[in-house]
Amino acid sequence: MEFRHVTDSALHAACDLLAFTTFGDPSKDATFKAIDHALGGGLRDAATAESFDGKPGQSLVFWTGGKLPAKRIAVIGLGARGEVEAPALRDAAASAAQIANRGGAVDVVYVMPNLGAAREARTIQATVEGVIGGTYRFGRYLTSDDAKKVPSLVLFGIAPDARGTKKPTAAQARAFDATVARGQAVGTAVCHARDMINEPAAAMTPIQMAHEAEALAKKHPELSVQVLNAKKCAELGMGMFLAVGQGSDQEPRLIHLTYKPKKKAKKRVALIGKGVTFDSGGYSLKPSASMEDMKIDMSGAAAVIASMQAIAMIGSDCEVHAVAACCENLVSGRAYKLGDVLKSMDGTTVEINNTDAEGRLTLGDAISYTRTKIQPDEMFDFATLTGACMVALGPFTAGVMSDHEPLVKGWLAAADRSGEEMWRLPLLPRLRDQLKSNIADMRNTGERYGGAITAGLFLKTFAKDTPWVHVDLAGPAAVSSPRPSQPRGGTGFAVATIVEYLTAH
């Protein structure tokens, strides 16, 4: 897919589809009025007939009948100007791409909304991400041949109206190209994460997850990879991680991807992802309906692995490590049991009172590995960890926990810029009493109330004094209610924020 910068008037755009946005009432929009005038009032009449008033999610398609060089017009509602953020920008661009897709359009001019010079780069990036995300489709197992082709060429006009605009300077053109490249890197990484999440668990095994990381390292010289098998993990004393995976015939893998900048790194940052490629719940067996989508339980690992792809393409002044603890949680004669006492990599003993609270066990050892072997300045973990977080925040918002104020504030600021919904939950020390055990140092779950927080407190045990942020993405890791830029299934959530945090200047 190619993105080009066009500065001619929208009225002069010879293309299959000319798409533009409007903030609320289209009759007040300069581009709408100019195009409507050229069409003899037909566009306004169509908007009235279709009750199109520029609300978010609305779109209007109009055939020009040769009155303009563009064959068709698509008007996309954005709602009130002051409320437009990255998700809405992505959705608008995704809608334009989908309209083009349905109509077989190849040459598409998309007039990006003018939110001011200060937000132009953000608008360009979100638009590119929206086009890529909106045309994503996981169709590997579909046997029908009716899939529409994605537009091969998308032309961008930077808010042109009937008067046209000045030709951009060489510096402006370079800045545009760099921003487009950034958007492509992020959008492609998000789709890579979606592919891994959407794959059936029989295909996306722990070993296949390792292959995904190895393929990235082979493609990008900036990356290197180390994969630890079960024997190596046993030598490190990773008793919790190995216990979770021991019920499966699929051997666990601990994946360690590394990015090093060409210059001296500003800091060393570690990204840790939960990689349970299928979670039956173990002997605390999930009901069938709850187990059906448990191939997504490796979404945290998918996010950190895919993020490294974008970081390699964009570049970062940080040394970045991605660690993914990948295994299956199944039932067999070898599976770990309720009442077992496991010894973690750092020596902490844990009594098991719920085998379906396995993610914190795999992450606990992964955090210990990261803290001792990598010794990062900052650690972030990403996991589809608790249903309790979904109860608290709903299906679209991730819960964030940390006891390091500057780090969590910087992380949430990056999430806000990237347009991914995250909300901070408190790490309440008083709830730690719920994790007390009579026979071990701690048990792996507490009581029903405050379940997301006690999971965070469990992980804090292994993070110790290293600055650390926990992101529980159980809700937004996958969606059943799609939006234009986010189809049903795995979302690739957290990739955009990770890349923003580590590459923004």
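Quick notes on this structure:
- When F23, F462 are arranged by Cβ crowding within 10 Å, least crowded first, meaning fewest neighbours, the order is F23, F462.
- Think of each Lys and Arg Cβ as +1 and each Asp and Glu Cβ as -1; about the Cα centre, that makes the dipole of the chain roughly 960 debye.
- FRET E, pair K267, W63, Förster distance 60 Å, beta-carbon r, rounded to 0.05: 0.60
- Euclidean distance of C-alpha centroids, region 109-143 and region 188-241, integer Å: 28
- Charge dipole (the chain, unit charges on Cβ, about Cα centre) - positive-most of A234, L39, G300: L39
- Crossing angle, helix 120-134 versus the chain [Cα axis fit, 0-90 degrees, rounded to tens]: 70
- In straight-distance terms, cross-link reach from K409 covers every one of the lysines whose alpha-carbon lies under 30 Å from its own, apart from those fewer than eight places away in the same chain; here that gives K260, K262, K263, K264, K266, K267, K274, K373, K460, K464.
- Against the main long axis of the alpha-carbon atoms of the chain, helix 170-198 sits at an angle near 50°.
- In loop segments of region 48-134 as defined by DSSP, the trypsin sites (Lys or Arg not before Pro) with at most 14 further C-beta atoms inside 10 Å of their C-beta are K67.
- Between M422 and A398, the built amide H atoms are under 5 Å apart, and every one of these is 5 or more places off in sequence or on another chain.
- Between region 430-505 and region 342-366, the Cα center-to-center distance that results, in Å: 15
- For L18, L216, the sequence from fewest to most other C-beta atoms within 10 Å is L216, L18.
- Rounded to whole numbers, the Karplus 3J(HN,Hα) couplings from phi for region 97-107 are 5, 5, 4, 4, 4, 5, x, x, 6, 10, 8 Hz, using 6.51 cos²θ - 1.76 cosθ + 1.60 with θ = phi - 60°, and x at Gly and Pro.
- Whole-Hz couplings from phi, Karplus 6.51/-1.76/1.60, listed for region 315-330; x for Gly and Pro: x, 9, 8, 10, 7, 10, 10, 10, 10, 10, 9, 10, 6, 10, 10, 10
- Long-range amide H partners of M379 with built H, under 5 Å: A270, W468, V469
- Across region 24-38, rounded Karplus estimates of 3J(HN,Hα) from the backbone phi angles (6.51 cos²θ - 1.76 cosθ + 1.60, θ = phi - 60°) give x, 3, x, 5, 9, 8, 5, 5, 4, 5, 5, 5, 4, 4, 5 Hz, Gly and Pro being marked x.
- Farthest towards the positive end of the charge dipole of region 185-503, among the residues I207, V408, L431, is the Cα of V408, using unit charges on the Cβ of Lys, Arg, Asp and Glu.
- Amide H contacts of L385: L473, A474, each under 5 Å away and 5 or more positions distant or on a separate chain (H built 1.01 Å from N in the peptide plane; Pro and chain starts excluded).
Computed from the coordinates by the stated procedures, all read-outs in this text should not be read as laboratory data. Note that this is a predicted model, so its numbers are computed, not measured. Cβ atoms come from the backbone with ideal geometry, glycine included; neighbour counts cover every protein chain shown.
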